[in-house]
Amino acid sequence: MFKNGLFFISIGSMLFIYSANAQSGEYHWVNLITSVILMAIGGIMASIGHKRNKKDKEAQDGNH
């Protein structure tokens, strides 16, 4: 889940970069909003995955 979250963050970041038009100075708002949503979902997924990995690692250390 952690790696999937990082994937969504990277896709959202790339979409964010390409949402602006440098020549006209305008933004493509659909791409911008979609990129922010993808980065937020990716951040939540990465956070949950990190907590789950940490809890699993502590459980394994306690069993040995």
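Are there any pairs with C-beta distances below 6 angstrom linking a residue in the range 21-35 that is outside any helix (DSSP H, G or I) to a residue that is at pLDDT 90 or above, with the two at least 6 apart or on different chains, and if so which?
Pairs that qualify, where the first residue is outside any helix (DSSP H, G or I) and the partner is at pLDDT 90 or above, are Tyr27/Ser19; His28/Ser19.
How about the range 3-17: which of its residues are crowded, with 18+ Cβ neighbours inside 10 Å, in contact with a Ser or Thr (Cβ under 6 Å, 6 or more places away or on another chain) and not small (Gly, Ala, Ser)?
Leu15
From (1) part of a helix (DSSP H, G or I); (2) exposed (fewer than 10 other Cβ atoms within 10 Å of the Cβ), pick out the condition that doesn't hold for His50.
Looking at each condition in turn, His50 falls short on (2).
The values are calculated or read from the model by the stated rules, or taken from the named source; none is laboratory data. For clarity, every value in this text was computed on a predicted model and none was experimentally measured. Please note: Cβ atoms are built from the backbone with ideal geometry, for glycine as well, and neighbour counts cover all protein chains shown.
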